[in-house]
1. Tell me, which residue of the stretch 364-384 that is in contact with a Cys (Cβ under 8 Å, 6 or more places away or on another chain) and open to solvent by 60 Å² or more (accessible area, probe 1.4 Å) is modelled with the lowest pLDDT?
2. Sort out which residues of the stretch 343-363 are within 24 Å of the chain's Cα centre (by Cα) and surrounded by 17 or more Cβ atoms within 10 Å (Cβ to Cβ), and write them in order of number.
3. Which members of the stretch 451-476 meet the condition of being in contact with an Asp or Glu (Cβ under 9 Å, 6 or more places away or on another chain) and over 16 Å from Cys554 (Cα atoms)?
4. Out of Thr278, Thr301, which single residue is on the phi < 0 side of the Ramachandran plot, at pLDDT 85 or above and hydroxyl-bearing (Ser, Thr, Tyr)?
5. Identify all residues within the stretch 518-557 that are farther than 28 Å from Ala361 by Cα and open to solvent by 40 Å² or more (accessible area, probe 1.4 Å); write none if there are none.
6. Pairs only if they're at least six apart or on different chains, beta carbon under 6 angstrom, first in the stretch 293-311 and among the hydrophobic types (A, V, I, L, M, F, W, C), second in a loop (DSSP other than H, G, I, E, B); list them, first residue then second.
7. Just to verify a result, which residue in the stretch 467-502, among those that are outside any helix (DSSP H, G or I) and in contact with a Ser or Thr (Cβ under 6 Å, 6 or more places away or on another chain), is surrounded by the fewest Cβ atoms within 10 Å (Cβ to Cβ)?
8. For the list (1) open to solvent by 40 Å² or more (accessible area, probe 1.4 Å); (2) under 30 Å from Leu307 (Cα atoms); (3) of a type outside the set (Ser, Thr, Tyr), I need the number of the one condition that Asn242 fails.
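The values are calculated or read from the model by the stated rules, or taken from the named source; none is laboratory data. None of these values were measured; they are calculated from a predicted model. For neighbour counting, all protein chains shown are included, and Cβ atoms are generated from backbone atoms with ideal geometry for every residue, glycine included. Heavy atoms of the whole protein, side chains included, go into the accessibility calculation; ligands, DNA and RNA do not. Shrake-Rupley method; radii C 1.70, N 1.55, O 1.52, S 1.80 Å.
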Amino acid sequence: MKGGGIENPAFETPSPDFGQRYRAGPARTGAGAAAPAGPGPCPEEGPCGWGTCTPPALQLCNNSAGYLAAYSLLAIFQDICQTAETTFANATCSASTNSSLRKYLYVFILGQLLLGVGGTPLYTLGTAFIDDSVPKHKSSLYIGVGYAMSLLGPAIGYVLGGQLLKVYIDIQFPKSTKVDQDDPRWLGAWWIGFLACFFAIWLLIIPFSCFPRHLPGTAKIQAEKIPETHDDGGQVLVQTDNIGQSFKDFPMALLILLKNPVLMSLIIASSSEALVATGFATFLPKFIENQFGKSSSFSATLGGLVLIPGAALGQVISGVLVSKRKMDCRGIIKFMISTCSVALILNTVFLFAKCGNEPFAGVSETYNGTGTLQNLTAPCNANCRCLRSIYYPVCGSDEVQYFSPCFAGCASYIFNNMKKTYHNCSCIGKPKRGNGSEDFIYEAVPGKCPTQCKFLPLFLTFFFFAVVFTFMATTPTTVAILRCVPDKQRSFALGVQLVFIRLLGTIPGPILFGVAIDNSCTLWDINECETKGVCWVYDNERMAYLLMGISAACKIVTIIFVVMAVYFYKPPPLTKALPQKTSERISVIRT
């Protein structure tokens, strides 16, 4: 749009007559001589460079492959920056709520706002630029590769963030001070990552800005493309009223998109998928940790190994399939129905690859028949004066987990080969298996009891393919949106999609999944302030059913709206859909 924001000629969508400007008739050059009317280079298809500075070496990148490489690198580092690792110090009961640091909250909010403003054009204008610069059947392949490469950003961000958290937030912190990573006052140097991304992104913007208004060959590609805009009158209105030339056209341009039933169906479907994706990206490690008894760090690693490669593979596969099969807009939407249906079926992995609750004294079972459920205190530890605010789980020789050595009634401990072992535990019964001697009957070791559930490999396998088929709909959705809206509104349509995805997907997704997981909690942390903190123990079956229910419901919503998109889609009439060159030939023959 002109007059309504930053005008970047490298991202401006070409007009429908873009491919005809240089061959609509004889042009006059020099002293009135007529130039030949065949296809030739368009002035807008300039060389790579900055103004008059066009080094020959840069011209090797002046093509769709070179632009895709720059697009991918910028997307990677942009997503690294958006992956906002945070750590917090433990608060005390006397902490003041009117801290002077509260004002910096608005600085972080402003920073996130700027990240959104700076990151949106790459996935709206940049994606439309890719679609302009390659043949229609190759567009999905390029977009799929670009989206898949952007997923490397979060992976690198998490690894980089984890390493930076090992460095204290104040790099000039004196080493003589006895504060290490296990101290609750430790804060990691999260800010270093933002500085590194700042310099990296600016270095990448320099080569990214060298691309011309249109890549060489764009005019020929645009002239050969067959329009597939949904025939609801929007294309005609945009063309006749020349909507999009000034900021005052914004309400009308937005209204045209909101009245496009195909576009809105696809946007709602993609928002529903984003809700599931962000929810699992946030809480899949917690699910693995509690279901299969793994450590938090190992669970996070497994979650990353499933989510990121699965998502990248799904986007690349779908891009290849759509490209090889040369699917039209209706075929692409039908392809989305099939991938979402398979993902819904694979979602049933939560029904058969879940684990039962491990025995936990005072939570899931009593203390050898004494005490009551949901009560950590029993006759065997009533005189120990145990604190519920100190969670230090131990596993008894009876294969039952206890909240702490105190709640297990342990009176002593010893070190044997650098391993702590608790003895004289009045709440621990006889071992369930083995021929241990009397010295080891009342024994406990630190940590949770090893789970007897062996479904982790099965769960990871099925969930990996569920992720693959879920993200196989991402690239086709983008391509279908680019096809079903007027040419001049493609970037705007992707921007509207991003807004809806944020409002309906990525923001409520983690909140909804967090509420579901909290509802499956059976034992909350109660600190010295007598306030409820984190959850220590979950009901595994309830957690699995709740997550499956949310995921299945979102998949059903996605399928419904994708089916609606197929139903509402009305391709343009054949005469409108023919390429301009072919249409001109037909009109000449008829006359």
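1. Among residues in the stretch 364-384 that are in contact with a Cys (Cβ under 8 Å, 6 or more places away or on another chain) and open to solvent by 60 Å² or more (accessible area, probe 1.4 Å), the one modelled with the lowest pLDDT is Asn368.
2. Narrowing the stretch 343-363 to residues within 24 Å of the chain's Cα centre (by Cα): 343-350.
Residues satisfying the conditions are Ala343, Leu344, Leu346, Asn347, Val349, Phe350.
3. First pass over the stretch 451-476, keeping only residues in contact with an Asp or Glu (Cβ under 9 Å, 6 or more places away or on another chain): 451-453, 470-471, 473-474.
Those that are in contact with an Asp or Glu (Cβ under 9 Å, 6 or more places away or on another chain) and over 16 Å from Cys554 (Cα atoms): Thr451, Gln452, Cys453.
4. Numbers: Thr301 fails: at pLDDT 85 or above.
On inspection, the qualifying residue turns out to be Thr278.
5. Listed by number, the residues that qualify are Ala553, Ile556, Val557.
6. Ile308/Leu151; Ala311/Leu151
7. We begin by selecting, within the stretch 467-502, every residue outside any helix (DSSP H, G or I); these are 472-473, 485-486.
Still in the list and also in contact with a Ser or Thr (Cβ under 6 Å, 6 or more places away or on another chain): 472-473, 486.
On the way: Met472: 27, Ala473: 28, Pro486: 25.
Among those that are outside any helix (DSSP H, G or I) and in contact with a Ser or Thr (Cβ under 6 Å, 6 or more places away or on another chain), it is Pro486.
8. (2)
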